[in-house]
Amino acid sequence: MLVDTEKEITKMHRMLYSTRNEIGKTYYRWRQVAVELAGDNVKPLDVSLRAAEVFGKDIGKSFLPRMNWLKGEEGFLMILAKSLAGLWNTEGGLATIEKGEKPGEIKIKCLRDPWPTWAKEYGAPMEEVAVCRERMYQTILEDVSAFMNVPLKIELQKAIARGEGETVMTLSKVE
Amino acid sequence: MAKTLFEWDYADYPGAKTYPHLFKPIQIGNLMVPNRIKYAATEDNLNGHDGFVTDAGVEYMRQRAIGVVGGLCFMQGVYMDPKRQGQGYVGQAACWDDKFIPGLKRICDAIHKAKAVAGFQLMDCGRVGAVEVDYCHGPSAVPQRLRIFKPVEEMTNADVKTMIQQHADAARRGVEAGFDIMEISGIVGYLISNFISSYTNRRTDEYGGDLRGRMQAVVEIIQGVKDVCGSDVPVGIRLCSEELLDDVRGNTPEESMETYKIAEEAGADYISCTLGWQESIYPVISRDIPMGNWIHLAKRAKEHVSIPVQMAYRLFKPELPNEKIGAGELDQWEICRSMIADPHMPKKVAEGKETEIRHCVACNLCLARLFRDAPMTCYINPVCAHEWQQEFANPKPAEEEKEVMIVGAGPAGLECAYMAASRGHEVHVYDKRDVIGGTLNEAKNAPYGDDELWTCIEYQKVMCEKAGVNFHLGTEVTDDLIEDEMPDTVVLATGPAYSKIEAPGGDSDKIVNLLDVMSDKAEVGETVVMYGNRKPGIGCALHLAKQGKKVTIVGKEKSAGFDVNPSFKWRYMIYMRQNGITVYNDCDIDEITDEGVVVKAYDGIRWPIKCDTVVVSDRGPNESLKKTVQSEGIELFVIGDALIPRNLSSAVHDGYRIGIRL
Ligand SMILES: Cc1cc2nc3c(=O)[nH]c(=O)nc-3n(C[C@H](O)[C@H](O)[C@H](O)COP(=O)(O)OP(=O)(O)OC[C@H]3O[C@@H](n4cnc5c(N)ncnc54)[C@H](O)[C@@H]3O)c2cc1C
Ligand SMILES: Cc1cc2nc3c(=O)[nH]c(=O)nc-3n(C[C@H](O)[C@H](O)[C@H](O)COP(=O)(O)O)c2cc1C
Ligand code: SF4
């Protein structure tokens, strides 16, 4: 029985999309639970920001085995930026990296981000998406900075809340 | 005048003539040690979870003490803090209170009984510690690279001073227990090395900063320990000659040599040259690293210090250490895993019985067990950690002599054969091959050090000859032969049955067996699909990839090499990547076509892979001959891969267990 390649790829593609979609939605379902349990005195954005910190802490740990100084500071920053962009791509984004204007600065650009769509669907505030990503990345950097003994920062330069256009962040060393 | 504890004269030992440099005395501090052999400290997880010494631990050490024939025999590193942050292993011996002295004395007495020099080791596991508590401690709170380790708490200045005092207190207890020589362990990323390394020490007080600052705690520990040990008990230290931490900005090799000089200045009586951290990305002691790979580091150490230099690290045979000691490039031969695998290894060297050594195969299962909170086990030595169980370690002669037919001269059959024969049975081993060794004849051809697996067969051959085992090679055992011979017992050690590919095209002439591939009997095309993702398949895939072939592994297991222990498995993953091998796990072959194969994942997704040859490495239990033996009412045992396809270790352990039971 020959393989119908088109059929198999379609099947895989569909599965990939629905898996991503379910993961995104699961986040918002849990967010709902957390917001409800937190009560009226806690702002939903604070819940989301705390979640970003928890995620960032754990993802930061998973980055450490890959961190490598053998190619010097620039090489290290490139590996790190690639990992951050890679994270976004796995979630269904379209992120790339490029050298920034200043020496030692790397730009992470994202042209397509699935999160705002889910946020809208679950009635979560639009602005938190980019802000949460910034917070998550900052938390990732905490462990990486401490591990490599290099203070690092990430700054949100431009955010398109609806997930169209371009979100830009810069990764650099704290001077 | 240096003190001699026990008189040893090696004049009548043949090994002392072959390896004269190993059997000449050496002075360490004020102690004269009769030879150059040292059993290096080895954690064994055999103590109680409260840190008290057990019978198992004492008997384990007794055998190693006999093994060093008068040399140095070190017990495992003890942890010294009551908060247990320095405890790296659940069964690590403790020494934070005088109440531990009687137990430690039992180990010391056992070593002395063998007329060996008893060594005590102080080992705070630092970043790798806190197995029973929530936080380990270190000079700075540098996050852990590996998730299995606990978060690090930065020690205050007062904590550092307490820790230094704890070393001195524990040393005093060691001396009171009767130990003759003291060692501070700064090995593989434990607390001492955490203080020394620029990677983990970011302190700004007197215990951090430049290399002198980072060495300050070590200097104070050496001085404190020396004070309590006095002039009779020498104090040595194990220090990294290379941290292998360039990727995280650790110390340079030059800095490491500087630490040796500072330790000597502080009063250390010898240096034990170690290498790498558990966090290093480079392998140091696994089988893929050739024996003797690191010995040049001892020579470099000797160029920097004038006190004796000791070193281990893949020095599994006596030739190299003997040569290097003779050349003045090393002073003492440290041995760890070779004496886990065979506690009497150096004794056998001394007695000229080298062929009777059961060699370590550098698989690192012993280490993997410790990290999984399990008692020490050795892949190749079934008695390891069972020394205290007399009926297991020294089984009695058989009550009734039996005629035993063993089918298969692989490692399982051979192990069973010599054990059974040495207990008085009449043992006949049959193999349809003309040679002994079973599947290891092929397995030894896999790259990255697998030739060392063959040492097991060399050992078993000698033991079988000694025990008077009868061999019938080139003889296939059939139902008729069993009925003709009618032995009292049959042991089926026939190895695995190789799987048939049940999918359409399963009779294709593209399909070959991995044993034929490994022995160059099969013709293999340029593109290959390996069916089976356990170690035999991986070994064969690497063998073919080394010949320039494009190999894809397709296997049913969820992760490739799940049968390889985790301390070694990561190496194979890297080698497969380096050799361009693609792996599809959790998959089966759905069809074999003219172009290649169709692979089917667990979820039904199918895709084609082009290939010229399909190699079968997937195995199942071997049912042949069982029915006949059972129907004749003959006692039956099935061992090794014939029972369940596993590995060399299970073959040896099964063989031993049945060999002592018959
Ligand atoms: C390429 C490769 C790589 C491997 N790598 C490793 C590794 O890294 N680590 C590891 O631990 N293991 C490894 N293995 C597995 C290891 O070789 C086996 O697990 C081990 O040899 C099993 O031993 P055994 O004695 O049970 O069977 P075998 O070694 O298979 O011996 C069985 C013997 O029985 C004989 N026999 C069978 N039927 C009859 C009969 N009717 N009459 C007479 N004789 C008979 C056979 O000829 C054979 O000699 C590897 C195997 C291969 C092929
Ligand atoms: C199971 C195991 C336990 C060990 N425990 C200790 C220990 O307690 N203290 C120490 O300084 N080194 C310890 N080591 C390191 C060894 O002493 C030795 O330096 C290392 O294994 C390299 O030598 P080898 O190639 O002869 O095994 C241990 C090694 C192993 C394999
Ligand atoms: S378990 Fe493996 S590495 Fe450890 S001593 Fe035994 S054979 Fe050697």
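Put B:ARG433, B:ARG423 in order of accessible area, largest first, 1.4 Å probe: what do you get?
Numbers: B:ARG433 65, B:ARG423 25 Å².
So, going from the largest accessible area down, we get B:ARG433, B:ARG423.
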(request) In whole Hz, with x marking every Gly and Pro, tabulate ³J(HN,Hα) for region B:182-194 from phi via Karplus 6.51 cos²θ - 1.76 cosθ + 1.60, θ = phi - 60°. (result) 10, 9, 9, 9, x, 8, 5, x, 7, 3, 4, 5, 5
(message) What whole-number volume per residue, in cubic angstrom, does the convex hull of the C-alpha atoms of region A:5-173 give?
(response) 139 Å³
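At the nearest 100 Å², what buried accessible area, both sides summed, do you get for B and A when the probe is 1.4 Å? Don't skip to the end; give the middle numbers.
Working: alone 25290 and 10830 Å², together 34150 Å².
Answer for the B-A pair: about 2000 Å² buried.
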(request) Have a look at region B:254-331 and give its Rg and Dmax from the Cα atoms, expressed in angstrom. (result) 12.9, 37
(message) Per DSSP helix of 4 or more residues, -39500 (n - 2.57); summed, then divided by the residues of chain A. What does that give at 222 nm, rounded to the nearest 500?
(response) -20000 deg cm²/dmol
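Per residue of B:139-148, count partner chain C-beta atoms within 10 Å of its C-beta, then hand back the mean as an integer. Can you show the working numbers first?
Working: counts 0, 2, 1, 5, 11, 4, 7, 3, 5, 0.
Going residue by residue through B:139-148 and averaging, the value is 4.
Note down the relative contact order for chain B as a percent, whole number, built from C-alpha pairs under 8 angstrom at least six residues apart. Please report the intermediate quantities before stating the final value.
Working: 1566 pairs, mean separation 72.2, N = 662.
Relative CO of chain B lands at 11 percent.
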(message) How many angstrom lie between the Cα centre of region B:320-391 and the Cα centre of region B:593-662?
(response) 31 Å
(message) How many angstrom lie between the Cα centre of region B:119-141 and the Cα centre of region B:201-225?
(response) 17 Å
(message) Nearest 5 percent is fine: what portion of the DSSP beta bridges confined to chain B is antiparallel?
(response) 20 percent
(request) Calculate, in whole percent, how much of the Cα-Cα pair population of region B:175-292 lies beyond 18 Å. (result) 51 percent
(request) Mind listing the long-range amide H neighbours of B:GLY505? Cut-off is under 5 Å, sequence gap 5 or more, other chains count too, H placed in the peptide plane at 1.01 Å from N. (result) B:ILE592
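Report, in listed order, any pair from B:LYS226/B:LYS324; B:LYS17/B:LYS324; A:LYS107/B:LYS150 with a Cα-Cα distance greater than 24 Å.
Working: B:LYS226/B:LYS324 29 Å; B:LYS17/B:LYS324 16 Å; A:LYS107/B:LYS150 34 Å.
Result: B:LYS226/B:LYS324; A:LYS107/B:LYS150 exceed 24 Å.
Quickly rank A:3-13, B:612-622 as a protection proxy: mean count of other C-beta atoms within 10 Å, highest first. Present the calculation step by step, with values, prior to reporting the outcome.
Numbers: A:3-13: 12.4, B:612-622: 21.5.
Ranked by mean Cβ neighbours within 10 Å, highest first: B:612-622, A:3-13.
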(request) Can you tell me what the convex hull of the Cα atoms of region B:499-617 projects to on average, as an area in nm²? (result) 6.8 nm²
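Would you mind getting me the FRET efficiency between B:ALA522 and B:ARG212? Use the beta-carbon distance for r and R0 = 41 Å, nearest 0.05. Could you put the intermediate results ahead of the total?
Numbers: r = 63 Å, r/R0 = 1.53.
Using R0 = 41 Å, I get an efficiency of 0.05.
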(request) Tell me the label-point distance for the pair B:THR252, B:PHE52, using the 7 Å Cα-to-Cβ offset, in nm and rounded to one decimal. (result) 5.2 nm
(request) Apply the Karplus parameterisation 6.51 cos²θ - 1.76 cosθ + 1.60, with θ equal to phi minus 60°, to every residue of region B:286-300 and state each ³J(HN,Hα) to the nearest whole Hz, in sequence, with x for glycine and proline. (result) 7, 4, 6, 9, x, 4, x, 4, 10, 4, 4, 5, 5, 4, 5
(message) Can you compute 3J(HN,Hα) from phi for each residue in region B:371-376, using the Karplus curve 6.51 cos²θ - 1.76 cosθ + 1.60 with θ = phi - 60°, rounded to whole Hz and x for Gly and Pro?
(response) 6, 9, 6, 10, x, 3
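Once you have a ≥ b ≥ c as the square roots of the Cα gyration tensor eigenvalues for the protein assembly as shown, tell me rounded if a/c is under 1.5, and otherwise prolate or oblate according to whether a/b is larger than b/c.
Numbers: a/c = 2.11, a/b = 1.11, b/c = 1.90.
Since a/c reaches 1.5 but b/c is at least a/b, the shape of the protein assembly as shown is classed as oblate.
Please work out how much length the chain gains when fully extended from B:ASP488 to B:GLU351, using 0.36 nm per residue of separation minus the C-alpha to C-alpha distance, in nm with one decimal. Walk me through the numbers before you get to the answer.
Numbers: separation 137, 0.36 × 137 = 49.32 nm, distance 3.74 nm.
Difference between extended and current length: 45.6 nm.
Is region B:380-459 rounded, prolate or oblate when judged by the Cα gyration tensor, a ≥ b ≥ c being the square roots of its eigenvalues, rounded requiring a/c under 1.5 and prolate requiring a/b larger than b/c? All intermediate terms of the calculation are to be shown ahead of the outcome.
Values: a/c = 4.13, a/b = 1.37, b/c = 3.03.
Oblate, because a/c is 1.5 or more while a/b does not exceed b/c.
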(message) Test of understanding: what is the full-extension gain from A:LYS120 to A:THR5, defined as 0.36 nm times their sequence separation minus their Cα-Cα distance?
(response) 37.8 nm
(message) Straight-line reach only, C-alpha to C-alpha below 24 angstrom: list the lysines that B:LYS626 could link to, leaving out same-chain residues fewer than 8 apart.
(response) B:LYS402, B:LYS432, B:LYS500
(request) Just need log10 I(q)/I(0) for region B:476-529 at q = 0.12, 0.15, 0.24, 0.30 Å⁻¹, Debye formula, equal scatterers on the alpha-carbon atoms, no solvent, rounded to two decimals. (result) -0.51, -0.68, -1.01, -1.28
(request) Sequence neighbours fewer than 8 away in the same chain don't count; with that in mind, list the aspartates and glutamates whose C-alpha is under 16 Å from A:LYS43. (result) A:GLU53, A:GLU127, A:GLU128
(request) Determine the gain in length on full extension of the stretch B:LYS83-B:ASP612; use 0.36 nm per residue of separation and subtract their C-alpha separation, reporting nm with one decimal. (result) 184.2 nm
(request) Would you list, by chain and number, the aspartates and glutamates whose Cα falls below 17 Å from the Cα of A:LYS11, excluding same-chain residues fewer than 8 positions away? (result) A:GLU22, B:ASP603
(request) Could you tell me what percent of the accessible area of chain B is made up of carbon and sulfur, with a 1.4 Å probe and every protein chain present? (result) 49 percent
(request) Just list whichever of B:LYS317/B:LYS550; A:LYS82/B:LYS83; B:LYS546/B:LYS610; B:LYS600/B:LYS627; A:LYS7/A:LYS57 have alpha carbons separated by over 31 Å in the model shown. (result) B:LYS317/B:LYS550; A:LYS82/B:LYS83; B:LYS600/B:LYS627; A:LYS7/A:LYS57
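Of the accessible area of region A:5-173, with the probe set at 1.4 angstrom, what percent is carbon plus sulfur?
Working: 5190 of 9230 Å².
Whole-percent figure for carbon plus sulfur exposure: 56.
For the full complex of protein chains and a 1.4 angstrom probe, list B:GLU415, A:GLU105 by accessible area with the highest value first.
Values: B:GLU415 0, A:GLU105 25 Å².
Result of the area sort, largest leading: A:GLU105, B:GLU415.
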(message) Taking the solvent-accessible surface of protein heavy atoms with a 1.4 Å probe, what is the per residue accessible area of the protein assembly as shown in Å²?
(response) 41 Å²
(request) Take chain B, compute every pairwise Cα distance, and split them into 10 Å bins from 0; I just need the percent in each bin. (result) 3, 15, 23, 23, 18, 12, 5, 1, 0
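Under the rule a/c < 1.5 gives rounded, and otherwise a/b versus b/c splits prolate from oblate, where does region A:1-101 land using the Cα gyration tensor? Show your work: numbers first, answer last.
Values: a/c = 2.62, a/b = 1.07, b/c = 2.45.
Oblate shape, in that a/c is at least 1.5 and b/c is the bigger or equal ratio.
Please compute, for peptide B:520-526, the average count of beta-carbon atoms on other protein chains lying within 10 Å of each residue's beta-carbon. Walk me through the numbers on the way to the answer.
On the way: counts 0, 0, 0, 0, 0, 0, 0.
Mean shielding by partner chains, rounded to a whole number: 0.
The values are calculated or read from the model by the stated rules, or taken from the named source; none is laboratory data. Owing to the predicted nature of the structure, the values given are computational and were not obtained by experimental measurement. Methodologically, a virtual Cβ is constructed for each residue, glycine included, from the backbone with ideal geometry; neighbour enumeration extends over all protein chains shown. Heads up: the accessible areas ignore ligands, DNA and RNA and are worked out on the full protein's heavy atoms, side chains in. Shrake-Rupley method; radii C 1.70, N 1.55, O 1.52, S 1.80 Å.
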